[in-house]
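Comments concern the structure below.
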Amino acid sequence: MANPDTQNTDIGFTHEDFAALLDQYDYNFNPGDIVPGTVFSIEPRGALIDIGAKTAAYLPIQEMSINRVEGAEEVLQSNETREFFILTDDNEDGQLTLSIRRIEYMRAWERVRQLQQEDATVRSIVFATNRGGALVRIEGLRGFIPGSHISTRKPKEDLVGEELPLKFLEVDEERNRLVLSHRRALVERKMNGLQVSEVVIGTVRGLKPYGAFIDIGGVSGLLHISEISHDHIDTPNSVLNVNDEIKVMIIDLDAERGRISLSTKQLEPEPGDMVKNPELVYEKADEMAERYREQLRQKALGEAGGGEGMIDSSEESFASEEPEMATVE
């Protein structure tokens, strides 16, 4: 008769059953998972990582960082434990391919989305330029500054190696689009020292059918055609010339869009003076600006309403076209 103790310990669990159980846990890894692992062998073009699978996983050198690396020792140390992204299913040898770059990439997009929400100004060095603009890196991601959002008198190619302040225009991970503006960063900084109804001296830097771009101390504002004079004007160049020095009044500051709207119409002592006698307009500019400020105060007190059309006209032009802005030293 069998020994009762033997019967109690005979649970029918073989070595084959144990191996099968190990297999069940060994291969519970899927592409897209983030898992802990330990570096146990660094090779010339990659590293072997122990993540608890039956076979060591492989980390290629091109997947070690969001930035370019020449050798694994730049980013890894033997016996270091950290997180890895599972990039591919196991191959015919049962080996998984890992990535650190993918984790950094996801976290970088998360960071720039946060910076955009905070309306942060960031600084980055231009590493290349092309026909359309300039290229920078933000949090390791490649960003693009369109030519119309670069405010400098330097040729674009001379910007390589220069650090620029930048604002976010577009952050789209799905389309891999990170677009920034140098112009908006400068305008925001300049706006901190400007106020609506202030009279400033500017230089005409560009003329378009819809208005003139005026350089006011290093940033550009739009003098919309409807804000040049109370008299009808067919084209801005019938009144203004490039490089003219003029006095203008600030009628709107839009920090979010990086836009400054200007007016000479509001400085006219008599309707049409900008066409007939612009020097009189500049002579009386401060006096007329004070009248304008008084009108604003009256509106704030509720004694008058409306009067916003002068701002809307210039905003309409900005919305319909993304023009080249005046340059900044």
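No value in this document is a laboratory result; all are computed from the given coordinates. Everything numeric here is computed off the predicted structure, so don't read it as measured data. Cβ sites come from the backbone with ideal geometry, for glycine too, and all protein chains shown count toward neighbours.
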At 0.36 nm per residue, and after removing the present C-alpha to C-alpha distance, how many nm does the segment from residue 175 to residue 201 gain when stretched out fully?
5.1 nm
Which value in nm describes the separation of the simple spin-label points at residue 270 and residue 82, placed 7 Å from the Cα toward the beta carbon?
7.6
In nm, the gap between the two label points placed 7 Å beyond Cα toward Cβ at residue 130 and residue 160 is 1.5
When a/c is below 1.5 the answer is rounded, else prolate if a/b is larger than b/c, else oblate, so apply that to region 193-320 with a ≥ b ≥ c taken from the square roots of the Cα gyration tensor eigenvalues.
rounded
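If you add up the charges near residue 235, with Lys and Arg at +1 and Asp and Glu at -1, over every other residue whose beta carbon is less than 15 angstrom from its beta carbon, what do you get?
Computed value for this residue: -3.
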Under 13 Å, Cβ to Cβ, from residue 198 - net charge with Lys/Arg +1 and Asp/Glu -1
0
Length gain on complete extension for the stretch residue 301 to residue 153, per 0.36 nm per residue less the alpha carbon to alpha carbon distance?
48.9 nm
In nm, to one decimal, how far is the residue 232 label point from the residue 283 one, both placed 7 Å along Cα→Cβ?
3.0
With the calculation restricted to Cα positions, what are the radius of gyration and Dmax of region 29-99 in angstrom?
11.1, 31
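What's the tally of Lys pairs in region 193-320 whose alpha-carbon atoms lie under 16 angstrom apart, where the two lysines are 8 or more places apart or on different chains?
Numbers: 247/265; 247/276; 247/284; 265/276; 265/284; 276/284.
Qualifying lysine pairs in region 193-320: 6.
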When the Debye formula is applied to the Cα atoms of region 201-253, each taken as the same point scatterer, what base-10 log of I(q)/I(0) results at q = 0.20, 0.25 Å⁻¹?
-0.62, -0.97
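With a cap of 13 neighbouring Cβ atoms within 10 Å, and only residues DSSP puts in a loop, list the GluC sites (Glu not before Pro) found in region 42-144. Show your work: numbers first, answer last.
Working: sites: 63, 70, 73, 74, 80, 83, 92, 104, 110, 118, 139; in loops: 70, 80, 92, 118, 139.
When the GluC sites (Glu not before Pro) of region 42-144 are filtered for loop state and at most 13 Cβ neighbours within 10 Å, 70, 92, 118 remain.
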At 0.36 nm per residue, and after removing the present C-alpha to C-alpha distance, how many nm does the segment from residue 106 to residue 293 gain when stretched out fully?
62.3 nm
